[in-house]
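Let me begin by presenting the structure, written as structure tokens, before commenting on it.
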Amino acid sequence: MNKIIIANWKANLLPTQARSLTKKFTAERPAKNLTAVLCPDFVALSETASLLKKSAFLLGAQDCSAFLPGAHTGEVTAAALKQCGAKYVIIGHSERRANGENSKTISQKIQQAVAEKLIPIICVGETAGERRLKKTKTVLAKQLQEVLAPLPGNYAKSPLIFAYEPVWAIGSGLTPEPLETAEICAMIKNLAAKAGFSRVTVIYGGSITDQNAGEYLQQSAISGLLVGGASLDARRFRRLLNL
């Protein structure tokens, strides 16, 4: 089964740096069994799209508006992302949640993305405190219910990607055991299926490197990876794409 590797560059790169990194990435093809997605910031989106046109890489965005096009200063709509060439969009990242984004807004963003035929990458995960209290499964079940329940019934057959990203693992160098992660990913898929969503893929993210990625990709319940810091180094990320 094909796996998907998604590079989330966050706000780390200036446009010139994003251009240079994209060129380095596209100089080589990823392994045949991988789908590779680059997610630059909004400013670099259009130029990255142009550089990816004749490559094996696909384009994603790091967020989208919860609104239709209109008088929403500072927002970037799903329709605009689609026209720029994006195929995927990250929604509900823990860094957005930490800044006040709630499940209602995340669900609205999913609706906007699906309406434009973008594939949402919906981030879910527990904090270190919740993990210590053994609330991981309860927290994830609540997050899924809150973002999926408001979606219209005709969205049930739309492709969705859930990224299990424990908040405590992001940028910390700490990671859950691959087997434990696989169990959680399987649980997320089962919960989504019980809610009626039949085309759900579940991936893992959080302190992924070219050194540990293979352990997660070997797990059948983990369909890919969302990569942060390691995707800012062309050599490391290319190694990761050829595991």
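Of all residue pairs spaced 6 or more apart or on separate chains, none has beta-carbon atoms under 7 Å together with a first member in the stretch 80-109 that is in contact (Cβ under 8 Å) with a residue 24 or more places away in the chain and within 14 Å of T48 (Cβ to Cβ) and a second member that is basic (K, R) and crowded, with 17+ Cβ neighbours inside 10 Å.
Residue-level check: of (1) in contact with a Ser or Thr (Cβ under 9 Å, 6 or more places away or on another chain); (2) outside any strand (DSSP E or B); (3) without any contact (Cβ under 8 Å) to a residue 40 or more places away in the chain, L21 misses just (3). The condition of being outside any helix (DSSP H, G or I) and either under 24 Å from F237 (Cα atoms) or in contact with a strand residue (DSSP E or B) (Cβ under 7 Å, 6 or more places away or on another chain) (or both) holds for only one of S55, S65, that being S55.
The single residue among A141, A156 that is modelled with pLDDT of 95 or more and small (G, A, S) turns out to be A141. With the condition kept exactly as written, say whether any residue in the stretch 39-50 is of a type in the set (G, A, S) and part of a loop (DSSP other than H, G, I, E, B). No - not one qualifying residue is present in the stretch 39-50.
Listed conditions (1) of a type outside the set (A, V, I, L, M); (2) touching a Phe, Trp or Tyr at 6+ places or on another chain (Cβ under 6 Å); (3) in a loop (DSSP other than H, G, I, E, B) are all met by Y216, apart from (3).
On the given criteria, is S65 free of Cβ contacts under 8 Å to residues at least 60 places away in the same chain and touching a His at 6+ places or on another chain (Cβ under 9 Å)?
Judged against the criteria, S65 is a match.
Residues considered: A36, A7, A27, A80. Of these, the only one that is more than 18 Å from the chain's Cα centre (by Cα) and closer than 19 Å to S231 by Cα is A27. Within the stretch 2-10, one or more residues are surrounded by 17 or more Cβ atoms within 10 Å (Cβ to Cβ) and at positive phi.
Taking residues in the stretch 1-17 that are over 16 Å from E47 (Cα atoms) and without any contact (Cβ under 8 Å) to a residue 60 or more places away in the chain, and partners anywhere that are surrounded by 14 or more Cβ atoms within 10 Å (Cβ to Cβ) and among the hydroxyl-bearing types (S, T, Y), the pairs with Cβ atoms closer than 8 Å and at least 6 places apart or on different chains are N2/T35.
Of the listed requirements (1) buried (at least 17 other Cβ atoms within 10 Å of the Cβ); (2) over 17 Å from I170 (Cβ atoms); (3) in contact with an Asp or Glu (Cβ under 9 Å, 6 or more places away or on another chain), F197 misses just one: (3). Filtered by the rule that a residue be charged (D, E, K, R) and within 20 Å of A115 (Cβ to Cβ), the stretch 142-200 gives E146, K157, R199.
The residue that is nearest to S65 (Cα to Cα), counting only those in the stretch 90-105 that are under 13 Å from the mean Cα position of the chain (by Cα) and of a type in the set (V, I, T), is I91.
The values are calculated or read from the model by the stated rules, or taken from the named source; none is laboratory data. Being a predicted model, the structure only gives us computed values, none of them experimental. Using ideal geometry, Cβ is built from the backbone for each residue, glycine included, and neighbour counts are taken over all protein chains shown.
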